[in-house]
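Read through the structure below, which is laid out as structure tokens, and then see the notes.
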Amino acid sequence: MNRMAKLFFLVVPALAAGILIILYFSFNILVKQAVESFGSRLTGTEVHLQRSHISLFSGRGQLKGLTISNPRGFSRQAAFRLGEIRIALALSSVFSSRIFIEEIFINEPEILYEKGGRGSNITAILTHARSLTQTKKPVPASPSPAAGPGSEKYVRIQDFIIKNGKIHMSVAGLDKKLVSIALPDMHVKDIGKEEKKMTAVRVFEVLLGELNRKILWAVTGSSLPFAEEGKKVIEKLKGIFTR
């Protein structure tokens, strides 16, 4: 083997590896930026993602350190802390008019549920999302060559799962006490399937609405054991949340 051939077999694999590394980091930087930008528009609050780790080959990976801030009028704490979200994405669908996600699995999320005079922080975020579905102006999920500039993305999620979550409840007038209870597990299937095309905004609204119902059930109907002080607070909370 001559010198040029040896050089070729050394340089080409190194160059290919370098290109893959650049593509990987570029793709995950774009995912992080898209989650933060679109998430902020969806919720009307600040959304921050520590990092994205999704494979360019399988479309599987994790989103780590996702936090959604409280809306105005509530505390400065985060309404949602989602430590790790496992995701399985059909990468080819990213460039089409409909993004297909096989699974989103959120394990051990922490939700701060605050009740004020004008409702809860979760309801405030949900109200903002609903206002977006009622406007005629499209809210693009991400650029798409197939969809065209300014078009909305449709989204289909095969399985959306939340497990082992916690709700930290805070109510004005209760000396800033926080009471933590379990969030019921949640599994929603076939969101935005073929006969029911749904935009990304509409998907978020539906999922947050279902999560809000789970939270309300946990607060008003939970029979989990509590310490004596916690039981007294829960009784007060039930009266407030069921008004």
### Query
residue 79's amide H: which non-local residues (gap 5+, or another chain) put their own amide H closer than 5 Å, with H modeled 1.01 Å from N in plane and none for Pro or chain starts?
68, 69, 70
### Query
How large is ³J(HN,Hα), in whole Hz, for each residue of the stretch 47-63 in order, when computed from phi with the Karplus curve 6.51 cos²θ - 1.76 cosθ + 1.60 and θ = phi - 60°, using x for Gly and Pro?
10, 10, 10, 5, 6, 10, 9, 10, 6, 6, 9, 9, x, 9, x, 9, 10
#### Entry: Phi to ³J(HN,Hα) by Karplus 6.51 cos²θ - 1.76 cosθ + 1.60 over the stretch 96-106, Hz, x for Gly, Pro
9, 7, 10, 7, 10, 10, 5, 7, 10, 10, 10
### residue 197 paired with residue 55, simple spin-label distance in nm, labels 7 Å along Cα-to-beta-carbon
3.2
### Summary
Residue by residue through the stretch 183-193, the couplings from Karplus 6.51 cos²θ - 1.76 cosθ + 1.60 with θ = phi - 60°, in Hz, x for Gly and Pro, are 8, x, 4, 9, 9, 10, 10, 6, 7, x, 5
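Every number in this text was worked out from the coordinates using simple rules, so none of it is lab data. What you are looking at is a predicted structure, and each value in this text was computed from that prediction instead of being measured. Heads up, the Cβs are rebuilt from the backbone with ideal geometry, glycines too, and the neighbour counts pull from every protein chain shown.
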